[in-house]
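Notes for the one structure printed next.
The values are calculated or read from the model by the stated rules, or taken from the named source; none is laboratory data. Predicted model, so just to flag it, every value in this text is computed and none were measured. Every residue, glycine as well, gets a Cβ built from its backbone with ideal geometry; the counts of neighbours run over all protein chains shown. Accessible surface areas use protein heavy atoms only, side chains included; no ligands, DNA or RNA. Shrake-Rupley method; radii C 1.70, N 1.55, O 1.52, S 1.80 Å.
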Amino acid sequence: MTAARRPLPALALGAVCALALTGCSGGGDGKDAAKGDGRPELKVSGAYVPQPPTEEMAGGFLTVRNSGDSGDKLTSVSSDVAGKVELHKTVEQQMQRVKSLSVPAHGELELGRGGNHLMLMDLERKPTKGQTVTFVLHFQRSGAVTVKAPVEATNYTRRK
């Protein structure tokens with residue numbers, strides 16, 4: 001009689017596992033699609049501009065997090081204090097202007113000292129500590145996102 005009972009718990013466990021796996025699948029009822037429709041979901045944080053030592057150019061730093069199911073690209077940036085804003089990446093300790101910067105699905109684009117960053121050129125006014133700089137970030141898929149960045153001390157570095 002004991003041998004006859006053993007298959008029943010094993011069968012029940014198998015059925016529970018099968019149901020659990022079915023519940024985790026992307027199933028065809030469309031309910032999971034409402035959570036993530038395959039679009040980027042961007043959030044910008046930690047934006048700041050160090051007070052520049054000269055009146056010619058400044059740097060801009062921030063983080064773009066993408067919790068969406070597809071990537072996006074930062075294609076251009078405008079600012080209220082600069083005639084133009086360039087996208088730069090740092091390769092072997094040298095800045096290179098680029099046309100876009102990728103924001104991967106379920107990932108982030110970090111713009112920080114020594115790496116990818118914004119270069120504010122043709123300054124209309126020198127940003128000074130305590131002021132705010134407005135950036136309009138233009139993304140390939142997500143459109144424009146406006147960000148207010150405080151101007152910090154020249155040597156300021158954001159803590160993570």
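Points to keep in mind about this one:
- Subset of the stretch 39-57 (residues that are hydroxyl-bearing (S, T, Y) and assigned to a strand (DSSP E or B)): S45, Y48
- Test: residue in the stretch 58-81 that is aliphatic (A, V, I, L, M) and in a loop (DSSP other than H, G, I, E, B): yes
- Within the stretch 123-160, the set of residues being under 18 Å from P50 (Cβ atoms), touching a residue at least 40 places away in the same chain (Cβ under 8 Å) and not in a loop (DSSP other than H, G, I, E, B) comprises L123, V133, T134, F135, V147, K148, A149, P150, V151, E152.
- Scanning the stretch 50-88 for residues that are of a type in the set (S, T, N, Q) and open to solvent by 10 Å² or more (accessible area, probe 1.4 Å), we see that the one that is modelled with the lowest pLDDT is T54.
- Filter pass, G130 being under 23 Å from Y156 (Cβ atoms), at pLDDT below 95 and touching a strand residue (DSSP E or B) at 6+ places or on another chain (Cβ under 7 Å): no
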